[in-house]
Amino acid sequence: MAPVLLGNKLHPPVLADHIIARPQLLALLDRGVGAKLILISSPAGTGKSTVLADWLKQQNSPTAWLSLDRGDDTLGQFLLYLIGALQTLGLGLGEGLSELLRQPNIMNVEPLLIQLSNDFARLEGRIVLILDDYHFLSDPKIHRAVEFLLDHLPPQVCLVIATRTDPPLSLSRLRVRNQLLEVRGTDLRFDLAEATRFLNGSQGLGLSTTAVSHLETQTEGWIAALQLAALSLTERPDKEAFVRAFVGSHRFLVDYLVDEVLSRQPAALKTFLQRTAILERFDTSLCEAVTGQPTDPGLLSQIEAANLFLIPLDDERRWYRFHHLFGEFLRHRLLADEPDLVPELHRRASAWFEQAGWTDDAIRHAFLAGDDHLAARLATDTAAQLAVRWNTEQFTRYFQRIPVSLMLCYPRLCLYYCWFLVTTSQFDAFKAALPTLKESRAHSPEPQTIDAAFISLQAYVCLHQLDFVNAAHAFQRALDLLGSGEQGSSSVEAQLTRIGTATTLSFICPYIDLRRAAALCSVNVALSRQFGSSIGIVNGTVGLARANHQMGRLHEAEQVLEQGLFHFESGSVDRAGTHRTGNVGELHVSLGRLHYEKNQLGEAEASVRRARASNELYGSAAVLGYELELSLRLFLVHGQVEAASAALHRLDRLSASVHRNDLLVKRTFEGMAMKSRVALAVYLSQTALTQPSDSQGNAQIDAQPSRLLAEVGDWLGSRELDVAAPSGSSLGGHEILARWLLARNEPGEAALLLERLIRAAQTEDRTDDLIQFLLLHALALHRTNRGEESTQALLRALDLGESEGYCRSFVDLGPGMQALLTQRAGTRPTPYLAALLAAFPNNTQLPAASEPPRNEPAPGRGTGDPSEEGSEAFNAREMEVLRLLEVGNTHKQIARELQLSPNTVRWYMKSLYVKLQVNNRTEALSRAKDMGMV
């Protein structure tokens, strides 16, 4: 259910019949229309809203008005009302933005603000936008959004802010640029002439000039104080004597005068005023519910006519609010006179708002009543709607106020709380809340749903430890408990738990069972469409496409993604009838990866742009990571090294930003960054071979690949990979190790590792990985003079890749692969081979296909060293480790000396043992001495 906007907040207050004309003040405001911002900053009771409403009457420009209150102090709520106010003008401002703001997981509103700014720029005439009572806003995100709009505000838009305190905006910059008009308390205060017209004209008091002057001096022209004074003087016979008795500050006078005014009201009316002061807005029905007494339909109009600081909010005079200053005083008096009644009044207000369907107001009054149980019950009832939209802003507002211990009695709320914590990466709080969820089953009408949710959420502990097998078993148990079809519960909680569980299970199944992952994703897409969960549809579609991609079914993966995009772009509608789009960025970037593999570079670049545009609203780290990885590849295709390096730097920052507890996401991003490092290093090395000789330039180019590969080596060392039983999944890091070994020209070790990876990929039906591993294996075998085996590996890759159109997996391996393909095309030409060769850049220099490339060391390696005899060559870092070993350093000492982690040193030690064909430190030193290395 979409939030309902209160229409009376979008209109200026209705003016009293006899207001004091203030032409000088209105002229001052007129002069500010050419500025970006008119700031009216003064204390309560100085007439800010009144003078603005009066000013609007003489304005020819269309004006949008927004009265703010405490409920608007979240960015989403503020923007919804801001756009609602602008749309009252009928100028097409912010069209479609309200629907976007109601989408789940909106993280970045800048694109919305850009669209709004562009809408402003297209205006042909001037408009005025007024934000009244801005002091109620404290969220820094709101202030940043207003600052953004101010920075990009075109000349035809004037923003007016009325507030008790200066907002945290760049006012000094606007002053310097002459783009700010400031109206302060001294400008708003009544001067003697205005005070005279008000007291003797409007109020008809007939005071002497001396009395008026005394009142004006004592109140400092404060309008609220003068109005209170007028009320106090109305029925006094000796008005002059009463005025002469005034002493003290104007603040003191206000308190005194309010007390004086209230004391003269009938007891029933005084009670009515105090009890209804807990409300920010009210009509007769709401007042009746809160006071518990029948309310005369004409009472509010009578109070307004008596000048008791009641401000009408609509032309029909149905809704009112108290003047803020008067309302504050009434609330203080209520606390003093009837403190025990205040919670009950808020409970009554909560009940009225609940019945009216304004749940957020109902929950707010429940909190003000100090009734956490009531708030929890109300939050439970609305949590399902929030979960479908995944409104994290409101979730946060509710969950911060409700004690976790209280959720024991509200299992549904506890369930949503735990899902909220795990999906927002609040792992410590999540682990602390899990036991409460388990215990809450005793209070649930659907204990099986709570059991399933508990098992599913508990599985996240396994998942974040990368224990996929146990996590998958737990998620499956949860699904079995939930059942399906007629046997399963149809409650919102059960449906959302089913979707969340199936989505997560389908996400991790690719690491253990691709076919099962594909089946789960298909079911999840169907269930999510039935339920109206755009997040579930996106996740299921992406998961199904990735499973097909991993199984080497590129055409099927592409079809799945195109169907998913068609579903959203053709206009999907959720259960509440709201148009939903969601973050389709992941669909676009997944489609871009397929286009890239097929060498459809233009389509791939278009997909990247679409993914980036979609993700601007949501700020999904996953979409950003995949987009950066694909962008880096495309930059290298076009030779844009600086752009590729910048993309790699952003990938590093993204990886560093992930919380250490979220190991799965962290490993994923680290893997992207390290694989991209190897690709950049290889590209730079190949570029150096084809560039004209330039000793200084080549030295710089050589240094960068060396540095990049050293960084990858350090990361691999920290992972302590088991090369005897390598993991076929991308998280394992073994594919990166194989590519790194080839980049460092260590084909022997790479070939051994790739043989194991090929077997694992075959067993797990990972055709895409199998193609990659076969191609890398073909290169490694060719470099070790195993030509026949190299050809067989290449042929298998060609056979697997041809029907699906694999291309970049071949081309990105560079001149070495081009040489192998050229050799094969020379003996057995095929259209597929011709297409692959045509995709290589024309300026690539081919080594002779009949002869393997020389085993030249990568930058930084030694050459012509005795250490190369009978084993793989040693790199510079390994030689440093060996020499430090010789002088008796321990692993920790070596780590400090070389500024490496102990794990990385251990990894280099293992590498030394393999190359020296020894088993321990003593044997390593002995063998190195025999070879003349130390």
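Values quoted throughout were computed directly from the atomic coordinates according to the rules given, and no laboratory measurement underlies them. For clarity, every value in this text was computed on a predicted model and none was experimentally measured. Positions of Cβ are backbone-derived with ideal geometry, glycine not excepted, and every protein chain shown enters the neighbour counts.
Tabulated data
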read-out: Long-range amide H partners of residue 65 with built H, under 5 Å; value: 130
read-out: Segment residue 559-residue 765, length gained on full extension (0.36 nm per residue, minus Cα span); value: 72.1 nm
read-out: Pair residue 707, residue 124: separation of 7 Å Cα→Cβ label points (nm); value: 5.7 nm
read-out: Pairwise Cα inverse-distance average, inverted: Kirkwood Rh of segment 316-384 (Å); value: 13.1 Å
read-out: Within straight-line cross-link reach of residue 598, lysines at Cα separation under 24 Å, skipping those fewer than 8 residues along the same chain; value: 675
read-out: Alpha-carbon Rg/Rh ratio, for segment 7-188, with Rh computed the Kirkwood way; value: 0.94
read-out: Extended-chain gain in nm, criterion 0.36 nm per residue less alpha-carbon gap, residue 784 and residue 238; value: 185.1 nm
read-out: For segment 745-756, 3J(HN,Hα) per residue [Karplus equation, 6.51 cos²θ - 1.76 cosθ + 1.60, θ = phi - 60°, Hz, x = Gly/Pro]; value: 6, 10, x, x, 5, 4, 4, 4, 5, 5, 4, 5
read-out: Distance in nm between pseudo-label sites at residue 400 and residue 317 (7 Å out along the Cβ direction from Cα); value: 4.0 nm
read-out: Contour minus Cα-Cα distance for residue 27 and residue 603 (0.36 nm per residue); value: 201.6 nm
read-out: Cβ-derived FRET efficiency at R0 41 Å, residue 143 paired with residue 800, nearest 0.05; value: 0.15
read-out: Cα-based equivalent ellipsoid of segment 267-370: semi-axis lengths in Å, sorted from largest, via gyration tensor; value: 20, 17, 12
read-out: Compactness relative to 2.2 N^0.38 Å, alpha carbon Rg of segment 58-105; value: 1.27
read-out: Charge tally in the Cβ shell below 12 Å around residue 618, where Lys, Arg are +1 and Asp, Glu are -1, residue 618 excluded; value: -2
read-out: Label-point gap, in nm, between residue 526 and residue 469 - each point 7 angstrom along Cα→Cβ; value: 3.1 nm
